[in-house]
Structures are given as structure tokens and as C-alpha cells.
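Data first, discussion second: the structure below is written as C-alpha cells.
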Amino acid sequence: MYLRILKKDLKRKKAMNVILLVFIILATMFVASSVNNIISVTTALDNYLDMSNAPDYFTATMNKIASDDVDEILKNAENVDSFGIEEIIYMSQLNVLYDDEPLNASSSTQLLQSDKDISMNYFLSDNTILESVKPGEFYITSYAMENAELDIGDKITIEIEGVSKEFTLAGGIKDAVLGSELMSMTRYIISAEDFEAFSSDEMINSMYGGKFCYIHTDDVEKTRSEISEITDSFITTMDRAFIKFTYVFDMIVTGIILAVSIILISIAFVVLRFTITFTLSEEYREIGVMKAIGIGNMKIRGLYLTKYAALSVIGAIIGLLLSFPFGKMLMSISSKSVIISSHDPVFINILCSVFVVTMILLFCYGCTGKVKKMTPTTHYDFYLWELLQ
């Protein structure tokens, strides 16, 4: 009898069962991949900052407003464990030309610096550390390279106050401090020889020159108070917590996917409730017959749970298999600006799939509670004969 009822139900509700199966597949795929990626990016960010030798406190100054010797003050600060300083030149989009037009790097501030005084690790596309830059070449922040639709080998011209040089793109870099799109700053790293051509110009150095200070300390607050005499020279300051926050957009995509997966599960629950309610009301005679011949409520509910358990398991398995390539596609978005170590996502994906199946079965169990309220059919001989046909 159980098999006949199940077969009858599956034949009559093909479209509803297929729709439900699709929602379970999508929900499992989205939940497994998005949860796994959020965990990966969150844990990888701290490792990435450590690998990059990112500072605990970062400041930027401009020569035209700096009146104190920043280097000397940082050397004498007791709470500063170590620091590095990079000489930079501030530019605008008008100073960087591509095909005789301002380069659209999707950032308002362009920064020029040399490979001579690099104070942290910048990573190339293969995750190796940038050691030096050849004369006539330049490296640019990876996201800016993509936004500007630049390819390796493309040429740009940097022109500041009459000093002009042409450069060839050698590749993109992952920049832990300024590498997120939220920072809206594009860093160009050139050779010390090429940088000297710009920085040796007195007007460029005094009007557009500046410094990036990378400060390592165990107590940021005490360090701030110690160097308070030069804070007026800072045009930008941020601690490591804020640097991490700037990568929030790298998790937005996976966060949206997780939200979509929750919506899909909710829709699946609505479809389930409608299907189960409709099925129970349509098959009240069959249920009455089963009660009349002594079949208990739990066994009757188990009949319907078996069907939805089978649909959930099939959908979860398919969704689990699809979550691996889908997760890799999502991860490629974050890995453009953050180094993410290789890891095994199988356990987390399986756990999420089991969670989806469990939630669906618990919901189904609650929806079949109406079986308790149904009464046995007194004239069940005809219905029993009809059911077994």
C-alpha cells in the first residue's frame, strides 16, 4: 500500500516535485559554496596581511604640508617597534595617459613610487613577491588593471609638470594596504631610476611628493599619542582593523549568495507546505482507510516523510556536487585582491548539505501534523479496494 500511494503521488504531482527538487538543489549549492567562501576569505585575510608585512598603523603625508621630520620622530617613539617609509608622488588621472587619453583606473588618487624603498610585500599574479622593476616598466594594483582593461605589454605615459616618460605594463600586484576597491587608490610601482626622473624635479617633489609610513607597534593608541606632534601632517591614517574592513566588498558577493540561498530555502518551504497541505486534503480518504485498519499516525506521516526525504537527499547530493565549481567561481573574485591558501572545502560543503536536508525534513514533519486530526473512515471497504487498484 505504501508503495502504491507513493507512486500515485509522484505521478500526479510531477511538476510540483520537479520544482521542489530544483529549489533544493539551488539552495544546497548556494549555501554550501557561500558559507565555505565566507569562512575562507575571513580566515585568509589575517594570514594575507601577515604575509604582506602589513603595518599595525598606516599614515600618509604630503611634502607641501609636512613641517616636521617624520623619520626622526618615528625613530624616537618608544612604542614604535619598527617602521618603513616609502617616498611617493601623488597624481591624478590627468597625469596618466593611455592612448593619449586619461587612464580610467576607477580611482581618484594615483600614486607613483619606486622599487627602491618598498616597505611591505607586494604579490604578483602567481603570488610571488615583487622584488624589483625594470626601467621602462611598471606594476599596477590588480583591480585597477582590470577596471582600466589593461593587458601586460600595454603602454602608458606619465606626465607631471613637464616631466614625461612612457612605461610598459609588466603586471598587476596584490597590495594589502591599498589593494581593495574601497580605498579608491591606484599604486604604480616603477624602477628607482625612472622615479628619480620625477622626484628630482624640485617643483614635483615639493608640491606632489609625500611619504607612506608603515608603523609596527603593539599599542596603536600609545603610538598615536607619541607622534601627535606630526598628526597635522597626516592626510590619511588607518590601523590594521580598518585595513581589514576595506576588504568588506570582497565578501559582499558571497554574502549576497548566502542571502539568496536563504530566500531559496524559504521558497522551498512555502512550496513544501502547499504541496503537503494539498496532498493531505486530497488524500484524506486514503489516510482514513489507513487509520481504520490500524496504521498509526507516525507510520502515516513516515510515508510522506519518506518521499520528501528522498527528494531532499537527491537534491542535496546534486547541489553538493555543483557547489564545488560554483564555489571556485566565487573564490576567483576574492582571490584577485587577497591571497587565499588552498584548502579542502569538502567537509564544510557536506555539513551545509546535511543542514539543508535536516531543515527540510523537520519542516515536513511539522507540516504533516494534520494527520493526527484526521479521523478513520467508517465505510473504508470501497476506498481500500479503490486504493489498491
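A few points about this structure:
- From the options 206, 200, 191, residue that is more than 30 Å from residue 248 (Cα to Cα) and without any contact (Cβ under 8 Å) to a residue 12 or more places away in the chain: 200
- Pairs with Cβ under 7 Å, 6+ apart, first in the range 60-73 and assigned by TED's automatic domain parsing to the domain that holds residue 119, second part of a loop (DSSP other than H, G, I, E, B) and modelled with pLDDT of 80 or more: 73/227
- Any hit, the range 247-266, residues being at pLDDT 70 or above and outside any helix (DSSP H, G or I): yes
- Qualifying residue in the range 94-108 (condition: exposed (fewer than 15 other Cβ atoms within 10 Å of the Cβ), among the hydrophobic types (A, V, I, L, M, F, W, C) and farther than 29 Å from residue 224 by Cα): yes
- Residue within the range 216-235 that is aromatic (Phe, Trp, Tyr) and crowded, with 20+ Cβ neighbours inside 10 Å present: no
- Number of residues in the range 156-186 that are of a type in the set (D, E, K, R), over 28 Å from residue 47 (Cβ atoms) and touching a residue at least 40 places away in the same chain (Cβ under 8 Å): the value is 2.
- Candidate set from the range 149-179 (those that are closer than 28 Å to residue 52 by Cβ and small (Gly, Ala, Ser)); member that is modelled with the lowest pLDDT: 179
- Where a residue in the range 25-41 is more than 18 Å from residue 311 (Cα to Cα) and β-branched (Val, Ile, Thr) and its partner, wherever it lies, is at pLDDT below 75 and not in a helix (DSSP H, G or I), with Cβ under 7 Å and at least six apart: 41/338; 41/340
- Within the range 105-144, the set of residues being more than 29 Å from the chain's Cα centre (by Cα) and β-branched (Val, Ile, Thr) comprises just one member, 133.
This table checks each residue for (1) basic (Lys, Arg); (2) over 23 Å from residue 63 (Cβ atoms); (3) in contact with a strand residue (DSSP E or B) (Cβ under 9 Å, 6 or more places away or on another chain).
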site	(1), (2), (3)
92	no, no, yes
100	no, yes, yes
109	no, no, yes
113	no, no, yes
120	no, no, yes
138	no, no, yes
146	no, yes, yes
155	yes, yes, yes
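- The strands (runs of 3 or more DSSP E) found entirely in the range 29-114 that carry 1 or more residues being closer than 20 Å to residue 168 by Cα and among the polar types (S, T, N, Q) are 109-114.
The values are calculated or read from the model by the stated rules, or taken from the named source; none is laboratory data. None of the values given here were measured: they were computed from a predicted structure. Cβ sites come from the backbone with ideal geometry, for glycine too, and all protein chains shown count toward neighbours.
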